[in-house]
Amino acid sequence: MGRHEQREQVFLLLFQAEFHLPADMPRQIKLFLEDNEAVGSQKDADYIEKRCNLICEKIPEIDKLINDNTEGWDTARMGKAELAILRLAVYEMRLDDDIPPRVAIDEAVELAKKYGQENSGGFVNAILAKIIKLGD
């Protein structure tokens, strides 16, 4: 399983987290990974679980950064798919030194086009472009 596929599985878990209490997520992650044919190995499952947990721990910090870089929007008003994608991308851009920010943005836009609404790719790109300028 490549990084792209792992990232997509992490996104799906982050999306699922929007519908569950944080205390329920360990069980939800276990259920998600248990019979998931897209997850190729235990190593992939471990990576996906660890990644999701790391991002969930940083949601308040990530959401503040998202909210500080949007006009007329905040995380409470965003679509759940777009929010999960933004959280994943912001984590990768700001808190993961292994992923170049431009790669995180490109991957986020692709996920938004696949899972979001019609204009989600542009919406996600615009927010992440503002956030990347903060780090430059």
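Computed from the coordinates by the stated procedures, all read-outs in this text should not be read as laboratory data. Note that the coordinates shown come from a computational prediction; the quantities given were computed from them, not determined experimentally. Cβ: placed from backbone, ideal geometry, glycine included. Neighbour counts: every protein chain shown.
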Relative contact order for the range 39-135: what is it in percent, counting Cα pairs under 8 Å that are at least 6 residues apart?
25
Before rounding to the nearest 500, sum -39500 (n - 2.57) across all DSSP H runs of length at least 4 in the chain and divide by the residue total; then give [θ] at 222 nm in deg cm²/dmol.
-23000 deg cm²/dmol
Where in the range 93-136 are there GluC sites (Glu not before Pro) that are in a DSSP coil and have at most 14 other Cβ atoms within 10 angstrom of their Cβ?
Glu118
Between Gly40, Gly116, Gly72, where does the largest GNM mean-square fluctuation fall for the chain, given springs only between Cα atoms within less than 10 Å?
Gly72
Which GluC sites (Glu not before Pro) in the range 7-79 sit in a loop by DSSP (not H, G, I, E or B) and have at most 14 other Cβ atoms within 10 Å of their own Cβ?
Glu18, Glu37, Glu71
Can you list the lysines whose alpha carbon sits under 19 Å from that of Lys114, skipping same-chain ones fewer than 8 residues off?
Lys80
Taking the Cα centre of the chain as the origin, how large is its charge dipole in debye, to the nearest 20, when only Lys and Arg (+1) and Asp and Glu (-1) carry charge on their Cβ atoms?
180
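How long is the gain from Asn53 to His20 if the chain were fully straight, where each residue apart is worth 0.36 nm and the alpha carbon distance is subtracted?
Between Asn53 and His20, full extension yields an extra 10.5 nm.
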